[in-house]
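Encoded as structure tokens, the structure appears first; notes follow it.
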Amino acid sequence: MNTLEKRSFYSFLALYIISSSIFITLSAYWYYTAQKNALQNNQYYRLQHIADTLSQKIINAHMQKIELELPFLDKEIEIALIDVNNNLVYGSIQEDFFPSKAEYFELGKHNVLISDTPQEHLNIKFVVVQSEALLEEITELKQKVLTVMVSSIVMMIALAWVLSRLFMSPLHQKIKQVEDFVHDTAHELNTPITALTMSVSRALKKQTYDEKILKNISISTKQLFDMYTALSYLSFESKPNNEALLDVALVLEKSVSYYKELSESKKIELSVETEPFEFKIDETKLSMLFGNLINNAIKYSHPNSTVEVRLQRGVFSIRDHGIGIESDKLSKIYECYNRETDYAGGFGIGLSIVQKICQEYGITLDVSSEKERGSCFTLSFI
């Protein structure tokens, strides 16, 4: 990844992790608070129930004049009985306080409930119930919440990494396409510009303009114009159409004539057969349609071969006998900036433009190809 990609990747990753961590932390805090309140309420009602049970036994023992029997309680529960003279008659209490009224409070590690429900039966004024179980339950709850929260954050970070990679994948591909496109543009421009420079330099030195120099200048100029036309179409694709009913054969013959010099320079013969056919389309786009296909056929043909161009009954076909395209790559040839071979350079946008123009005007586009046997593109205008 380049610097821009790394910055975008880590920015997205940091934003995702921070926002998700905040959400997980808040969720854990809300859950912990709710469960803690539930445990506190449960503890209060539990101690209250024990106090009421003890008070009932005290009252019953007093009313029936029988010996008081205290119930068996869990080991974490401690009870104490305080008489009307504020003396401890049973159990033990924390040294830091002595009951003076009915209440519920926390004292150190203990939760303490003081109940006056015995109503001085058997001279018992207060029942004190103490337990430190709540602290243990809250500590256990806290550990569970922290464990789940940390595990969730770790899993979220791993997920964020995967999602960030997935998020960056198409961006990385697009940036690579742009970088390759800029590189290819510079490379493709270099060829005609160098040819123009050398031709002009030779002409100035010779002080004469022979046919070869003029042909080189013409070919280079046309290559530059084709690049400009293709780039302009991609940049200003939405500009208004100048549609008109055209004789497709005439536009095709102009395109063939336009690339005649290029085919001759590569020793490739253009075999052309046309018949008149009218179709409503923008002439510039029709020229681009034919131009890209003819130019590709010439570029990817072997020297001393023939490119066959046909227009019959509204069906255009162009067949070359060049390097061909592998069958498993045919589905990708119309992708913008896609290049399946470095055989003859290029931007990887020609066939993408062809497909877009065909889709715009409802022209059926078909291709057949065989590796090292050549390719055939067919356009049906009907």
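Results, tabulated for the structure shown:
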{"item": "Every residue from the stretch 273-296 that is at pLDDT 90 or above and in contact with a Lys or Arg (Cβ under 8 Å, 6 or more places away or on another chain)", "result": "GLU273, THR274, GLU275, PHE277"}
{"item": "Residue check, LYS36 charged (D, E, K, R), touching a residue at least 12 places away in the same chain (Cβ under 8 Å) and within 20 Å of MET149 (Cβ to Cβ)", "result": "yes"}
{"item": "Verdict on SER92 being polar (S, T, N, Q) and farther than 30 Å from HIS121 by Cβ", "result": "no"}
{"item": "Within the stretch 44-81, tally of residues that are more than 12 Å from VAL129 (Cβ to Cβ), at pLDDT 90 or above and of a type in the set (Val, Ile, Thr)", "result": "2"}
{"item": "Any hit, the stretch 18-25, residues being assigned to a helix (DSSP H, G or I), at pLDDT below 95 and more than 36 Å from the chain's Cα centre (by Cα)", "result": "no"}
{"item": "Those residues of the stretch 311-323 which are surrounded by fewer than 19 Cβ atoms within 10 Å (Cβ to Cβ) and either of a type in the set (A, V, I, L, M) or not assigned by TED's automatic domain parsing to the domain that holds ASP247 (or both), in sequence order", "result": "VAL315"}
{"item": "Number of the condition not met by LYS285 [criteria: (1) part of a helix (DSSP H, G or I); (2) closer than 21 Å to GLY324 by Cβ]", "result": "(2)"}
{"item": "Unmet criterion (only one of (1) over 27 Å from ILE82 (Cβ atoms); (2) touching a residue at least 12 places away in the same chain (Cβ under 8 Å)) for GLN143", "result": "(2)"}
{"item": "Test set (1) assigned to a helix (DSSP H, G or I); (2) within 60 Å of the chain's Cα centre (by Cα); (3) surrounded by 14 or more Cβ atoms within 10 Å (Cβ to Cβ); (4) not hydrophobic (A, V, I, L, M, F, W, C) - THR33 fails condition number", "result": "(3)"}
{"item": "Residue list for the stretch 42-56, filter: buried (at least 19 other Cβ atoms within 10 Å of the Cβ) and not hydrophobic (A, V, I, L, M, F, W, C)", "result": "GLN43, SER55"}
{"item": "Total residues in the stretch 57-82, condition in contact (Cβ under 8 Å) with a residue 40 or more places away in the chain and more than 59 Å from the chain's Cα centre (by Cα)", "result": "11"}
{"item": "Restricting the stretch 84-111 to residues that are farther than 21 Å from ILE58 by Cα and either surrounded by 15 or more Cβ atoms within 10 Å (Cβ to Cβ) or not assigned by TED's automatic domain parsing to the domain that holds ILE50 (or both), the residue that is modelled with the highest pLDDT", "result": "ASN111"}
{"item": "Complete set of residues in the stretch 101-143 that are acidic (Asp, Glu) and in a loop (DSSP other than H, G, I, E, B)", "result": "ASP116, GLU120, GLU132"}
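Yes/no per residue for (1) surrounded by fewer than 18 Cβ atoms within 10 Å (Cβ to Cβ); (2) part of a helix (DSSP H, G or I):
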site	(1), (2)
LYS267	yes, no
ILE281	no, no
ILE294	no, yes
VAL309	no, no
ILE325	no, no
ASP328	yes, yes
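The values are calculated or read from the model by the stated rules, or taken from the named source; none is laboratory data. Predicted, not measured: the structure shown is a model, and the values here were computed from it. Note: ideal-geometry Cβ built from the backbone for every residue, glycine included; neighbour counts use all protein chains shown.
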